[in-house]
Amino acid sequence: MSPRKIIIDTDPGQDDAVAILLALASPKDLDVLGIVAVAGNVPLDLTEKNARIVCELAGKTDVRVFAGCDRPLGRPLVTAEHVHGKSGLDGPNLPDPTMPLQPQHGVDFIIDTLRNEPANTVTLCVLGPLTNIATAFQKAPDIVARVQQVVLMGGAYFEVGNITPTAEFNIYVDPQAADIVFKSGIDIVVMPLDVTHKALVTQARNDAFRALGTPAGIAVAQMTDFFERFDKEKYGSTGAPLHDPCVTAYLIAPDLFKGRHINVEIEVKSELTMGMTVADWWGVTDRPANATFIGDLDADGFFALLVERIGLL
Ligand code: RIB
Ligand code: CA
């Protein structure tokens with residue numbers, strides 16, 4: 001079977017970095033047509049730089065990296081240096097990138113790719129705020145029907161919020177963009193905090209990355225060593241939650257995950273609950289299902305896949 005064509009939209013971010021490494025280590029499964037950076041965890045000038053750093057860490061300097069939108073559709077940018085550090089990739093000491101940033105705007109790359117590739121053959125893997133995706137849909141409505149699937153990390157239901165009491169970061173940063181994507185009619189798979197908080201890098205799992213002894217394996221261990229502080233302090237968890245790698249792992253091994261096809265709507269009016277994903281998990285409304293909302297994973301299988309693939313880089 002030929003590898004699945006994907007565009008990765010991302011705001012690296014240590015967990016984004018692991019998701020990108022997993023994708024680049026899996027060429028038989030995933031054909032990464034391009035990586036588009038978005039403002040999120042840190043400003044765009046850092047997320048695009050970090051995306052190139054990660055490609056060089058993977059030894060894949062032929063991957064095209066683009067810069068997308070530098071702010072949300074209709075709100076000031078909120079960043080997360082308190083979680084990811086000032087650089088957005090604190091932990092390992094990685095060299096500045098030498099591979100070039102593509103001159104084309106990332107939104108135009110998304111539009112052109114969806115127009116040029118056969119319809120329903122390109123999946124959008126969204127690891128940050130949905131600003132680039134929504135902007136592309138607004139600029140070129142004809143591409144919406146051509147998207148094979150959107151698999152995104154964002155939202156929460158039972159886990160509620162990580163940036164406000166009710167909202168997860170990616171959705172909170174750009175709720176208007178999320179609203180556009182969730183109302184697009186596209187086949188959407190959502191990796192909310194409900195599942196990503198079960199993908200924790202325990203000490204044993206961190207040791208397994210470090211034991212790879214490769215630059216990528218050691219860097220992943222250093223990233224998660226840094227990244228775990230926030231969640232350990234806030235939730236008392238046993239390690240860093242690998243949010244974004246759930247997206248690329250799903251595309252490689254969907255059977256690792258379990259969820260329900262339900263209605264998910266985005267709060268875009270009330271400041272109190274802005275960016276909340278209102279997930280009808282119990283089917284108490286007659287609102288039509290519009291997303292597969294993942295609630296559980298085989299964590300051991302997930303980490304075995306990560307160690308195996310990152311060990312190939
Ligand atoms: O809430 C977690 C999400 O926000 C992850 O994608 C993380 O990288 C940040 O973007
Ligand atoms: Ca991210």
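When the pairs Lys60/Lys86; Lys86/Lys139; Lys86/Lys198 are compared against a 28 Å limit on Cα-Cα distance, Lys86/Lys139 fall above it. Highest mobility in the GNM of the chain, judged by mean-square fluctuation with C-alpha springs under 10 Å and restricted to Ile110, Ile294, Ile186, is found for Ile186.
Note on Lys269: aspartates and glutamates with a C-alpha under 15 Å away, same-chain residues under 8 apart excluded, are Asp174, Asp179.
The overall shape of the chain, judged from the alpha-carbon gyration tensor, is rounded, with an a/c ratio under 1.5. A simple count of charges around Pro97, restricted to other residues whose Cβ falls under 11 Å of its Cβ and scoring Lys, Arg +1 and Asp, Glu -1, yields -1.
Over all other residues within a Cβ to Cβ distance under 12 Å of Phe230, the charged ones net out to -3, with Lys and Arg as +1 and Asp and Glu as -1. A simple spin-label model places the labels of Ala211 and Ser270 4.8 nm from each other, with each point 7 Å out along Cα-to-Cβ. Please find, in a Gaussian network model of the chain (springs between Cα atoms separated by less than 10 Å), the residue of Gly13, Gly295, Gly154 whose mean-square fluctuation is greatest. Result for the chain, Cα springs under 10 Å: Gly295 fluctuates most. How much net charge surrounds Cys69 when only other residues with a Cβ under 14 Å from its Cβ are counted (Lys, Arg +1; Asp, Glu -1)? Once all neighbours under 14 Å are counted, the net charge is -4. Just checking the listed ones, Lys198, Lys183, Lys234: in the Gaussian network model of the chain with Cα springs under 10 Å, the one fluctuating most is Lys234.
Each value in this text was obtained by applying a stated rule to the coordinates, not by laboratory testing. Keep in mind it's a predicted model, so treat the numbers as computed, not measured. Here Cβ is always computed from backbone atoms with ideal geometry, including for glycine, and neighbour counts include all displayed protein chains.
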